[in-house]
Every structure is written in C-alpha cells, then in structure tokens.
1. Can you compute the helix-only [θ] at 222 nm over the chain? Use -39500 (n - 2.57) per DSSP H run of at least 4 residues, normalise by all residues, nearest 500 deg cm²/dmol.
2. Mind listing the phi-derived Karplus ³J(HN,Hα) values for the stretch 33-44, rounded to whole Hz, using 6.51, -1.76 and 1.60 with θ = phi - 60°, and x for any glycine or proline?
3. Which three extents, in whole angstrom, do the alpha-carbon atoms of the stretch 29-82 cover along their principal axes, largest first?
4. If the chain between ASP60 and GLN73 were fully stretched, how many nm would it gain, using 0.36 nm times the residue separation less the Cα-Cα distance?
5. What angle, in degrees between 0 and 90 and rounded to the nearest 10, separates the Cα long axis of helix 48-60 from the longest principal axis of the Cα atoms of the chain?
6. Using Cα pairs under 8 angstrom and six or more residues apart, how large is the relative contact order of the stretch 1-78, in percent?
7. Of the listed peptides 39-47, 18-26, 63-71, 5-13, what is their order by residue-averaged count of other C-beta atoms within 10 Å, with the highest listed first?
8. Name the long-range amide H neighbours of ILE64: under 5 Å, sequence gap of 5 or more, or other chain; modelled H, no Pro or chain starts.
Amino acid sequence: MAGEIDYESGIPPYRQLAAILRARIEAGEIKGRFPSERTLSQEYGVATGTVRKAVAILRDEGYITTAHGWGSQVTAPEEREG
C-alpha cells in the first residue's frame, strides 16, 4: 500500500488520505479513471466518509473531476488550476 494513515497524528485522516492520493497522482501512479470510494476505503482501511472528504479536497484542488454516472477522472496536469 502506498502510504498509511497515522491515527496518532494530529492531522485528520481525510487530510492524510488526500495528501497520499495527491502524491500518487503527481507521481503518475493514479491516472485516468480514479478508484472508487469503496476501493479506496478497503485499500486504506478507512470509512467511506473519510474517502469522500479526501476526494472533495482533491476535486477542489483540481486533481480530479467527477461526473454523475461516470465516476471520477484524474485531471491532466496541464488542465489543473493553480
């Protein structure tokens, strides 16, 4: 598993997960279709609510886009804002 959640840290798990996923996107480990909430929940051993908050951060930062019925896609680096 690429990165683990540290529950002893003062950083909320959803923020840690967002940082892990952001790093994986920037490294090119995750591209194209973004993994489902369920997949990420199982992979990192966190609740789906935690995954939703992390995904919301990545969406707000422009790393992913989500279309109802289509799921989420990783945004190409040249298309990201900021």
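Every number here is computed from the coordinates shown, using simple stated rules; none is lab data. This structure is a prediction, so every number in the text was calculated from the model and none was measured. Cβ placement follows ideal geometry from the backbone for every residue including glycine, while neighbour counts extend to all protein chains displayed.
1. Helices in the chain give a 222 nm mean residue ellipticity of -13000 deg cm²/dmol.
2. Taking θ as phi minus 60°, the curve returns 6, 7, x, 5, 4, 5, 4, 5, 4, 5, 5, 9 Hz for the stretch 33-44.
3. Cα extents, longest axis first: 32, 24, 19 Å.
4. Between ASP60 and GLN73, full extension yields 3.3 nm more.
5. Helix 48-60 sits roughly 40 degrees off the main axis of the chain.
6. Reported relative contact order: 31 percent.
7. Packing order, densest peptide first, comes out as 18-26, 39-47, 63-71, 5-13.
8. Hits under the 5 Å cutoff: ARG59, THR75.
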